[in-house]
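Chemist: Below you'll find the structure I mean.
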Amino acid sequence: MSKTVEENNKTLVLDAFDTLFNKRDYEAAERFWSSKHGAHIPPGRDGLFTLVRGIPETLRHEPGVILANEEFVMIHGRFSGTGRDRHWIAADIVRIADGIRAEHWDVLQDEATQEESQSGRPMFGGDMFAA
């Protein structure tokens, strides 16, 4: 049974994030990450890798909801171990072209604690989508 383009792209994005952020395997990460990045990352693949090298080794990315539509993948995840007071909750939007992450946009925000949540729901995991 063959995978759809969307399934392949979701797998590629999950592998790319795991390889770079969790495993810190920069050589292997080269096959996933292009040289184009958002405004807060220095130019080139080296700019991205230098940014990640500057974050504590405790950095981890935990994927949550992942959606795909043709060449676009959106992943809602959590970055922990950043050296900041709070985890980051991220919505990353990735465009895949020729089997590589061609473009990327993200929205990051500090994770609110359960006590700070006005709805009582977590920002990530748990029953964030419960009725």
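Chemist: For Thr58, indicate whether it is at pLDDT 95 or above and either farther than 30 Å from Gln114 by Cβ or of a type in the set (Val, Ile, Thr) (or both). Show your work before the answer.
Modeler: On the way: at pLDDT 95 or above: yes; either farther than 30 Å from Gln114 by Cβ or of a type in the set (Val, Ile, Thr) (or both): yes.
Against the criterion (at pLDDT 95 or above and either farther than 30 Å from Gln114 by Cβ or of a type in the set (Val, Ile, Thr) (or both)), Thr58 qualifies.
Chemist: Kindly indicate which of Ala28, Ala39 is hydrophobic (A, V, I, L, M, F, W, C), exposed (fewer than 12 other Cβ atoms within 10 Å of the Cβ) and more than 24 Å from Gly126 (Cβ to Cβ).
Modeler: Ala39
Chemist: Would you tally the residues in region 96-115 being of a type in the set (Asp, Glu) and under 14 Å from the mean Cα position of the chain (by Cα)? Outline the logic, then answer.
Modeler: So the first thing to find is which residues in region 96-115 are of a type in the set (Asp, Glu), and the list is 98, 103, 106, 110-111, 115.
Right, trim to under 14 Å from the mean Cα position of the chain (by Cα) and you get 103, 106.
Selection size over region 96-115: 2.
Chemist: Follow-up question, since we're still on this one. Could you tell me how many of the residues in region 48-70 are at negative phi and either acidic (Asp, Glu) or part of a strand (DSSP E or B) (or both)?
Modeler: Initial filter on region 48-70 (at negative phi): 48-69.
Filter once more, so that each one left must be either acidic (Asp, Glu) or part of a strand (DSSP E or B) (or both): 57, 60-69.
Residues in region 48-70 being at negative phi and either acidic (Asp, Glu) or part of a strand (DSSP E or B) (or both): 11 in total.
Chemist: Looking at Ala102, Ala91, Ala131, can you tell me which residue is among the small types (Gly, Ala, Ser) and at pLDDT 95 or above? Show your work before the answer.
Modeler: Numbers: Ala102 fails: at pLDDT 95 or above; Ala131 fails: at pLDDT 95 or above.
Every option except Ala91 fails the conditions.
Chemist: Answer yes if at least one residue in region 72-94 is exposed (fewer than 14 other Cβ atoms within 10 Å of the Cβ), assigned to a strand (DSSP E or B) and in contact (Cβ under 8 Å) with a residue 24 or more places away in the chain, and no otherwise. Give the derivation first.
Modeler: Taking region 72-94 as the starting set, the residues that turn out to be exposed (fewer than 14 other Cβ atoms within 10 Å of the Cβ) are 83-86.
Remaining after also requiring assigned to a strand (DSSP E or B): none.
No, there is no match, as no residue in region 72-94 is exposed (fewer than 14 other Cβ atoms within 10 Å of the Cβ), assigned to a strand (DSSP E or B) and in contact (Cβ under 8 Å) with a residue 24 or more places away in the chain.
Chemist: Still on this structure, I have one more. Which ones in region 1-33 are within 16 Å of Glu70 (Cα to Cα), part of a helix (DSSP H, G or I) and free of Cβ contacts under 8 Å to residues at least 40 places away in the same chain?
Modeler: The answer is Asn8, Thr11.
Chemist: Then there is this: Would you confirm whether any residue within region 34-47 is within 17 Å of Trp88 (Cβ to Cβ), more than 14 Å from the chain's Cα centre (by Cα) and either among the small types (Gly, Ala, Ser) or in a helix (DSSP H, G or I) (or both)?
Modeler: yes
Chemist: Shifting gears a bit: Counting just the residues of region 105-123 that are among the charged types (D, E, K, R), part of a loop (DSSP other than H, G, I, E, B) and at pLDDT 85 or above, which one comes out farthest from Phe79 (Cα to Cα)?
Modeler: Kept after step one, since they are among the charged types (D, E, K, R), are these residues of region 105-123: 106, 110-111, 115-116, 121.
So of that shortlist, the ones also part of a loop (DSSP other than H, G, I, E, B) come out as 111, 115-116, 121.
Cutting the leftovers down to at pLDDT 85 or above gives us 111, 116.
Numbers: Glu111: 10, Glu116: 19 Å.
Among them, the one singled out is Glu116.
Chemist: Next question. Checking Phe124 against (1) within 26 Å of Asn8 (Cβ to Cβ); (2) of a type outside the set (Asp, Glu); (3) more than 16 Å from the chain's Cα centre (by Cα), which single condition isn't satisfied?
Modeler: If we test Phe124 against (1) within 26 Å of Asn8 (Cβ to Cβ); (2) of a type outside the set (Asp, Glu); (3) more than 16 Å from the chain's Cα centre (by Cα), just (3) comes out false.
The values are calculated or read from the model by the stated rules, or taken from the named source; none is laboratory data. Computed from a predicted structure; not experimentally measured. Because the Cβ atoms are built from the backbone with ideal geometry, glycine has one as well, and the counts that use them run over all protein chains shown.
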